[in-house]
Each structure stands twice: as C-alpha cells, then as structure tokens.
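Novice: Sharing a structure here in structure tokens format.
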C-alpha cells in the first residue's frame, strides 16, 4: 500500500512574494505527474481549515515564505514540524502564525502526517501585486528542485515532466483569473 502524500501551497498571491508557495504548487501540478499520486492543494491562507489534510495523509509538505531575521532573501529552509515549532521562527505574517498554530494543535492529536515545511525568505510581502521580486525569481529553479527532492524523500518514486508551463504563465493565471482558469488549482 502506497503512502498518501499531499503538497500544500500556502500564502497570499496578492502580496507579491507571499504567494510563492501557491505559485510553486500550481507550477508542479501543471508541469509534472507523480507516482504514487500526489494531492496538490491550494492552501492559500486557509490556516486551520488545512487541519484535516494533516490527519488524512501520511506525509504532507507545506511550501511557503518564512520570516527569518538572520537569513538572506531567497534563503530556503527545510524543516520538520518539530523544527518549525521549536520557537526560533519569527512569525511576521498572519499566514505564518496560522500555519504554526495549526501545526501545534495537530501535533497534539494521535494521528498527524509526517510534515515538512519548505520555506523561502521573501523580499517583498507588502506590495499588492501578483508576482515575484527579482530576488525570488532568480532562485525559483532552486526552490522547485528543493521541493522535488523532498517529495522523493517522502515516497514519490516517479516524477515525470508532462508539459512546460512557465512561471510567467502561472503568474498570469493568478493575476487574471478567467472562467476556464480560476485562481485555484
């Protein structure tokens, strides 16, 4: 029996770099197929409403931004749930606070997925604009490679590229949702 695995893109697409988790999740969903099947979720700013996913899956990877005082813009961290909750994270956004609180509550339950957080230090989470700063755009390939590497570690045995949709195309869909392509996944 294969493990049930989910990837959650978290953040707010309307505050520039804060949306990178959402952009990455959609990019992976559009460009790759995974075996075993991977549930890719637009977690947005759902916070506590993501709790059932942590109880229904064996492994969950959450991708988002993280405010780390001493880290440079574009720095990528990969942390287990315990490492994330150890108290060293500076929680500067509502999304960071909600994710941390949700993980604290879920960690008290008997059934919780093995959870990994892949976070990147943003440059701009204030500008109201769909898109990425040039600093995060430049490390985009490294961010995607980090996510694919962690997926392999939690049990994704096959990753196949199925199409080539650029980051620009993904951002365009978030900026200009249409009837065919809503903001979500």
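Just so it is clear, none of the values below were taken in a lab; they were calculated from the coordinates. What you see is a predicted model, and the numbers here were worked out from it, not measured in a lab.
Novice: How much length is gained if the chain between residue 158 and residue 68 is pulled fully straight, taking 0.36 nm per residue apart and subtracting their Cα-Cα distance, in nm to one decimal?
Specialist: 29.1 nm
Novice: Count the DSSP beta bridges whose two residues both fall in region 5-170, then state the antiparallel fraction as a percent rounded to the nearest 5. Could you put the intermediate results ahead of the total?
Specialist: On the way: 9 of 28 bridges.
Just about 30 percent of them are antiparallel.
Novice: Using Cα pairs under 8 angstrom and six or more residues apart, how large is the relative contact order of region 5-170, in percent?
Specialist: For region 5-170, the relative contact order is 36 percent.
Novice: Kindly provide the helix-only [θ] at 222 nm of the chain, computed as the sum of -39,500 (n - 2.57) over DSSP H runs of four or more divided by all residues, to the nearest 500 deg cm²/dmol?
Specialist: Per the formula, -10500 deg cm²/dmol.
Novice: What number do you get for the chain when its Cα radius of gyration is normalised by 2.2 N^0.38 Å, N = residues?
Specialist: On the way: Rg = 15.3 Å, N = 185, 2.2 N^0.38 = 16.0 Å.
Its radius of gyration relative to the 2.2 N^0.38 Å reference: 0.96.
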